[in-house]
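Comments concern the structure below.
The values are calculated or read from the model by the stated rules, or taken from the named source; none is laboratory data. As the structure is a prediction and not an experimental result, all values here were calculated from the model. FYI the Cβ positions are ideal-geometry reconstructions off the backbone, even for glycines, and counts take in every protein chain you see. Surface accessibility is based on the protein's heavy atoms, side chains included, excluding ligands, DNA and RNA. Shrake-Rupley method; radii C 1.70, N 1.55, O 1.52, S 1.80 Å.
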Amino acid sequence: MKQFTEEEKIKILSDIIAIKSINENEIEVANYLKNLFAEYGIESKIVPVTDTRVNLVAEIGSGSPVIGVSGHMDVVSPGEKKEWTTDPFTLTERDGKLYGRGTNDMKAGIVNLALVMIELKENNELKNGTVRFMATTGEEVGGAGSKKLYEEGYMNDVEYLWVAEPSHDTIIYSHKGSLNLRLMSIGEAAHSSMPDQGYNAINPLMEYLLELDEKLNGDDRKNEVLGKLVMSTTIFNAGNQVNSVPEKATAEINVRTIPEFDNDEVIDLFNTTASIYNKAGANIDVEVTMSLPSVFTTGQSEMVELAKELGKKYLDLEISVKGSPGVTDASNLLLDKDGNFPFMMFGPGETKMAHKTDEYVYKDYYFAFFDIYKQLILGLLK
Ligand SMILES: [Zn+2]
């Protein structure tokens, strides 16, 4: 009978925190987990996404129903190391909290999923169905890993999906989409004493962005759970000398979309507006750099109900069930599923802690989610 001790759980998490999978290098995490699974006779498969980046898929049990459990192996940069109280890649315990880059987002979640799989397999506890573990690459930079899993059919037979992203006392069953666009306006340089000799690249791009800002942020459409679409211009660059009319201006924007006003419609609006400006003499080019659709499910499922009960029991917290403005790999994984599909994001760590300096997860909650996940699988596959 295998029962991971708390020491073992901490040791494995700290090994994985020590792997600097900062938007790359997920392969080391994948190899670590592959070896860990292999120790207990669980076969897993590395699924290449690019030359250097991979997903890992492991499975226990057989037949239906198939539960998909997922998490990403990459973390965001720790930023300035000196801003951290202790080394970001050395798991450090202080006051009941486990500090380190990725403890919260989301290596605690992914380790729990892996360890639960091992115990279920090792103790022969799974009587029915399949659990498919899908660890992804590059979630923080456009979801390339989850897209690959979707394209290769790993989601085809999945009947329940949860993503172990940090959500603490909240079950998320719907989230907004995320769309990044890069805009480039080309003009013609001139001395600022004779601006009519050139074409200022800033002016049309500024007007264009303000017009779209008003169109998008002023749109009345509203999702009952997710609220309204929001758009922000986040980067604007142009010019390099105060007395020169700039020949180039670039901007990047991020849009958080809803099903009622989706990525395709936004992209179309940017393109058609650009062509109107371009007919009037501007030269604005629109490039889509990332497009993740929103995920909208009803949240009405046996899985969500059971997770809520288990959350209350093991975390000793009131669990709320709602929508979120953030995105997850579910944007890609659920591409052809409808609103009735049982989906949730539920995992150790607080959403607000993600990407922060001195990132941490509460040790007790890290352990509690192990029990929640295990009981959830046993409850759904009984
Ligand atoms: Zn995350």
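One table, with the values for the structure above:
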read-out: Residue within region 307-318 that is closer than 20 Å to M73 by Cβ and assigned by TED's automatic domain parsing to the domain that holds S21 present; value: no
read-out: Candidates K121, K107 - the one that is within 16 Å of the ligand (Cβ to nearest atom) and on the phi < 0 side of the Ramachandran plot; value: K107
read-out: Of the criteria (1) farther than 15 Å from L334 by Cα; (2) in the same structural domain as G102 (by TED's automatic domain parsing), which one N180 fails; value: (2)
read-out: Counted residues, region 106-140 - those being open to solvent by less than 10 Å² (accessible area, probe 1.4 Å) and assigned to a helix (DSSP H, G or I); value: 15
read-out: V242 vs. criteria farther than 21 Å from N180 by Cβ and exposed (fewer than 13 other Cβ atoms within 10 Å of the Cβ); value: yes
read-out: Single residue of region 62-85 satisfying the filter (open to solvent by less than 40 Å² (accessible area, probe 1.4 Å) and farther than 17 Å from S44 by Cβ) that is farthest from the ligand (Cβ to nearest atom); value: P65
read-out: When residues of region 326-341 are limited to those that are within 16 Å of the ligand (Cβ to nearest atom) and open to solvent by 10 Å² or more (accessible area, probe 1.4 Å), the one farthest from the chain's Cα centre (by Cα); value: G326
read-out: Residues of region 107-140 that turn out to be out of contact with any strand residue (DSSP E or B) (no Cβ under 8 Å at 6 or more places or on another chain) and modelled with pLDDT under 95, as a count; value: 1
read-out: Count - residues of region 42-63 that are of a type in the set (S, T, Y), assigned to a loop (DSSP other than H, G, I, E, B) and at pLDDT 95 or above; value: 1
read-out: Residues of region 342-366 satisfying the condition of being of a type in the set (A, V, I, L, M, F, W, C) and open to solvent by 20 Å² or more (accessible area, probe 1.4 Å); value: M353, A354
read-out: Count - residues of region 1-33 that are within 17 Å of V116 (Cβ to Cβ), of a type in the set (D, E, K, R) and surrounded by 15 or more Cβ atoms within 10 Å (Cβ to Cβ); value: 1
read-out: Where a residue in region 85-108 is small (G, A, S) and its partner, wherever it lies, is assigned to a helix (DSSP H, G or I) and modelled with pLDDT under 95, with Cβ under 9 Å and at least six apart; value: none
